[in-house]
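Colleague: Quick one: this structure, given as structure tokens, is what I'll be asking you about.
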Amino acid sequence: MSSQEKTADLSSPKNTGKTGDVVFKTIAYAAGTLILVTLAAVFLFLLFQAWPLIGGDQSKVTAQIESFIPAAHNFWQYVGPLAFGTVLVSLLSLILAFFVSIGIALFISHYAPKKLATGLSYVVDLLAAIPSVIYGLWGGLVLVPAIGPFWNWVAKYLGWTYIFQGPAADPSRTVATVAVVLAVMILPIITSVSRDIFMQTPRLQQEAAIGLGATKWEMIKLAVLPFGKSGIISASMLGLGRALGETMAVLMILSPGYLYSFKLLQASQNMTIAANIAAQYPEADQQYGVPILIGTGLVLFVITFLVNFVARKITEKANV
Amino acid sequence: MTEENENKNTISVDATAVKKAPAKKKDKQLPVIDFDRFKTSRSYAAARKRTDGFMKGLIVLAFVIACVPLVSVLWSSIAEGVKRLNLNFLSFNMTGVIGGMPTPSGGYGGVLHAIIGTLEITLGAMVISVPIGLMCAVYLVEYAARGNKFAKSISLLVDVMSGIPSIVAGLFAYSMFAIIGGPGTINGFEGSVALSLLMIPTVVKTSEEMLKIVPHDLREASYALGVSKQRTITKIVLRTALPGIVSGVILAIARVIGETAPLLMTAGYATFTNVNLFSGEMTTLPVYVYQQYILRVTCRPGMDGCVDTIPMERSWAAALVLIIIVLVLNLIGRIVARVFAVKSDR
């Protein structure tokens, strides 16, 4: 018997590990497919849970929305100011963070001595590692009192512009303060992506610029920045995506309001979708309240998905 | 100003200079090149130099600006956190804590339940996302052919997935469990599902990088010996890339361990210690920080030992514990990566 088995084994040596091979390959394919399925599931489950918005009793939906904001009578009127607030806060933080992070990226890639540069990269990663709830805590308890006098000063001297119209709120739980905290939070991601791009600038181009007598800044302007343009754009889109979805820092600092308002220094003007979900969720009614919040979440998901998708498409094109 | 004007003058006079030249030397018509024309004026060079210095100053300034919040965050969490961070704080939960009054044990409540909850929920997220993420990376690196459209779209979607807002991940887990277990289901495992949605992309990305730098010779040597593909991957490729993968996973954990928003709606908040991941509300450290932040207590006269700022102090102390955990995980991740790194350059 045993000899027969042995000969059978020897006659088909390919059989060893064949089943394992197939199983392993299937698992790997399944895991890859699961990513697609998960993303589709996120969309479908949210849609399913938000269905009462469309398929449910419309009068109850309206009543529920009016209990959230008296001024809004349907879903779009409800989600509109929230989406506006989300985009406003994120864009402001992007504007604040953009130049600083490009500066840091250039500092790390072209100005700092090599040993210092690796240390600085760690510092930037450290900024990214700090949980958002701690930024919220810091923003709410340390930054809000500290930045108040500065906003007062801004309101006094720049109050004639519409956006900085005074009087500055005290405590300054305003869009301006939130934008500063969000800027700190998205700084690391913009910095690390653009730093990687800047480091890839062809050495010859840089040396050619220097050789033609360019100063260091001219070299950066001529060789580094044009090369890294698409990288910078996609890095800022990624930062924007991060800022759009940020919940805790906004929730813990901003005093909410539901207006289409650009008054950055006044309290109770805007609110973001993510923070609104977290704020309303605990008291929301299961039958209609939660579906409405999930509906707003779906809107946020679509916005961030598009922003991220465009950002990745840009980098993909740049890499090819 | 004057130098620039002179420059312009020489250019305009140039034509006459050429005419005059042959008048002096009749037999040889050598063009006189006015090299001054190509000289940059001193003021122009100075302006360029000034711009250069100015931009350098701005770039250094940007770096200094970025350091301010980092130092401030770390400093305030340490300075405020150490006030309440003691053994009592670490070894009790919030059961029997009334307002700002001290508990019979002499402390003011603690984070034991939150630490246990954080560890269990994060472990759950790890158990879900590491196998899926790792196998997905194996598919992308080992099985997908170059230019395969399906693999390309997966790789793009992984990138997109890493940008999903954490609150949407929470809503997803909530919706999923509402469909399975009825609306309002809350347990720790639900939190794990939400976190794994955020963790999978990070695991896929880092493992993919690590698998890519495994030298191709190793795979070919293994195939040449007649080893099957599955064995080659598990015994050769994954083993070589293991340190990198481990450090990637640790960094991914450090990222999700601080997530708050998804856990607010999936894992809830409890004052007691709950060790069962699959039933009942569970507290994690970030949620604890937030809940204490929004808590207000009032002290009336006659309440001995009552501290009305205790929620803030507990919040800072829990934040400090969280920062320490995150930084230690980061450090371990980097050390693992550094010490056991694959030496691919030979």
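The values are calculated or read from the model by the stated rules, or taken from the named source; none is laboratory data. Since we're looking at a predicted model, the values are computed, not measured. Glycine also receives a Cβ, built like all others from the backbone with ideal geometry; neighbour counts cover every protein chain displayed.
Colleague: Working carefully through the options A:Val61, A:Val37, find the one that is of a type in the set (Val, Ile, Thr) and surrounded by fewer than 16 Cβ atoms within 10 Å (Cβ to Cβ).
Modeller: That would be A:Val37, the only listed residue that is of a type in the set (Val, Ile, Thr) and surrounded by fewer than 16 Cβ atoms within 10 Å (Cβ to Cβ).
Colleague: Separate question: Is it the case that the range A:178-194 has a residue that's at pLDDT below 85 and more than 25 Å from B:Ile323 (Cβ to Cβ)?
Modeller: The answer is no; no qualifying residue exists.
Colleague: Here's another thing I want to ask about it. Just need a number here: residues in the range B:232-242 that are surrounded by 18 or more Cβ atoms within 10 Å (Cβ to Cβ) and not hydrophobic (A, V, I, L, M, F, W, C).
Modeller: The qualifying residues number 2.
Colleague: Does B:Phe177 fit the bill of being under 28 Å from A:Val302 (Cα atoms), crowded, with 19+ Cβ neighbours inside 10 Å and of a type in the set (A, V, I, L, M, F, W, C)?
Modeller: Spelling it out, B:Phe177 is indeed under 28 Å from A:Val302 (Cα atoms), crowded, with 19+ Cβ neighbours inside 10 Å and of a type in the set (A, V, I, L, M, F, W, C).
Colleague: So which residues in the range B:196-219 are more than 26 Å from B:Glu120 (Cβ to Cβ) and either touching a helix residue (DSSP H, G or I) at 6+ places or on another chain (Cβ under 7 Å) or charged (D, E, K, R) (or both), if there are any at all?
Modeller: B:Glu208, B:Glu209, B:Met210, B:Leu211, B:Lys212, B:Val214, B:Asp217, B:Leu218, B:Arg219
Colleague: Something else now. Filter the range B:62-83 for residues that are more than 9 Å from chain A (Cβ to nearest Cβ) and surrounded by 14 or more Cβ atoms within 10 Å (Cβ to Cβ); which is modelled with the highest pLDDT?
Modeller: B:Ile78
Colleague: Is it true that A:Leu82 is at the interface with chain B (Cβ under 10 Å from one of its Cβ atoms) and either surrounded by 15 or more Cβ atoms within 10 Å (Cβ to Cβ) or assigned to a helix (DSSP H, G or I) (or both)?
Modeller: The answer is no for A:Leu82.
Colleague: Follow-up question, since we're still on this one. Looking at the range A:57-71 only, could you name the residues that are in a loop (DSSP other than H, G, I, E, B) and either touching a Gly at 6+ places or on another chain (Cβ under 7 Å) or not aliphatic (A, V, I, L, M) (or both)?
Modeller: Within the range A:57-71, A:Asp57, A:Pro70 qualify.
Colleague: How about the range B:193-234: which of its residues are within 11 Å of chain A (Cβ to nearest Cβ) and not in a helix (DSSP H, G or I)?
Modeller: B:Gly226, B:Val227, B:Ser228
Colleague: Inside the range A:26-43, can you point out the residues that are facing chain B (nearest Cβ under 7 Å) and hydrophobic (A, V, I, L, M, F, W, C)?
Modeller: A:Ile27, A:Ala28, A:Ala31, A:Leu34, A:Ile35, A:Leu36, A:Leu39, A:Val42, listed by residue number.
Residues are listed down the side, and each one gets a yes or a no for (1) at the interface with chain B (Cβ under 10 Å from one of its Cβ atoms); (2) under 30 Å from B:Leu322 (Cβ atoms); (3) assigned to a helix (DSSP H, G or I); (4) not small (Gly, Ala, Ser):
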residue: A:Phe45; (1), (2), (3), (4): yes, yes, yes, yes
residue: A:His73; (1), (2), (3), (4): no, no, no, yes
residue: A:Ala97; (1), (2), (3), (4): yes, yes, yes, no
residue: A:Tyr122; (1), (2), (3), (4): yes, yes, yes, yes
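Colleague: Residues of the range B:110-122 being part of a helix (DSSP H, G or I), touching a residue at least 12 places away in the same chain (Cβ under 8 Å) and of a type in the set (A, V, I, L, M), which ones? Steps first, answer last, please.
Modeller: Step one: of the range B:110-122, the residues part of a helix (DSSP H, G or I) are B:112-122.
This time we only want the ones that are touching a residue at least 12 places away in the same chain (Cβ under 8 Å), so: B:112-118, B:120-122.
Once the filter is applied, which keeps residues that are part of a helix (DSSP H, G or I), touching a residue at least 12 places away in the same chain (Cβ under 8 Å) and of a type in the set (A, V, I, L, M), the range B:110-122 yields B:Leu112, B:Ala114, B:Ile115, B:Ile116, B:Ile121.
Colleague: Related question: If you take the residues of the range B:303-346 that are among the charged types (D, E, K, R) and either closer than 22 Å to B:Thr260 by Cα or at pLDDT 85 or above (or both), which of them is surrounded by the fewest Cβ atoms within 10 Å (Cβ to Cβ)?
Modeller: Only one residue fits best here, namely B:Glu313.
Colleague: Restricting to the range B:256-286, give me the number of residues that are of a type in the set (Val, Ile, Thr) and within 14 Å of another protein chain (Cβ to nearest Cβ).
Modeller: Going through the range B:256-286 one residue at a time, the tally reaches 6.
Colleague: Another one. Listed residues A:Ile163, A:Ile147, A:Ile220; which is in contact (Cβ under 8 Å) with a residue 40 or more places away in the chain and over 30 Å from B:Ala45 (Cα atoms)?
Modeller: After ruling out the rest, the residue left standing is A:Ile163.
Colleague: Here's another thing I want to ask about it. Quick check on the range B:127-150: of everything there that is of a type in the set (A, V, I, L, M) and either at the interface with another protein chain (Cβ under 7 Å from one of its Cβ atoms) or buried (at least 20 other Cβ atoms within 10 Å of the Cβ) (or both), which residue is farthest from B:Val287 (Cα to Cα)?
Modeller: Checked the range B:127-150; the qualifying residue farthest from B:Val287 (Cα to Cα) is B:Val141.
Colleague: Out of everything in the range B:178-192 that is within 13 Å of chain A (Cβ to nearest Cβ) and touching a helix residue (DSSP H, G or I) at 6+ places or on another chain (Cβ under 8 Å), what residue ends up being nearest to B:Glu259 (Cα to Cα)?
Modeller: B:Glu190
Colleague: Restricting the search to the range A:200-217, which residues are of a type in the set (D, E, K, R) and within 13 Å of another protein chain (Cβ to nearest Cβ)?
Modeller: Passing the criteria: only A:Lys216.
Colleague: Also, I was wondering about something else. With respect to the numbered conditions (1) farther than 29 Å from B:Val287 by Cα; (2) within 10 Å of another protein chain (Cβ to nearest Cβ), which one is the sole condition not fulfilled by A:Leu240?
Modeller: So the condition that A:Leu240 fails would be (1).
Colleague: Something else: In the list A:Ala155, A:Ala169, A:Ala176, which residue meets the criterion of being touching a residue at least 12 places away in the same chain (Cβ under 8 Å), part of a loop (DSSP other than H, G, I, E, B) and of a type in the set (Gly, Ala, Ser)?
Modeller: A:Ala169
One line per residue, one yes/no per condition, for (1) under 27 Å from B:Leu263 (Cβ atoms); (2) more than 14 Å from chain B (Cβ to nearest Cβ); (3) modelled with pLDDT under 90:
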site	(1), (2), (3)
A:Pro70	no, yes, yes
A:Gln77	no, yes, yes
A:Leu106	no, no, yes
A:Ser109	no, no, yes
A:Ala117	no, no, yes
A:Trp138	yes, no, no
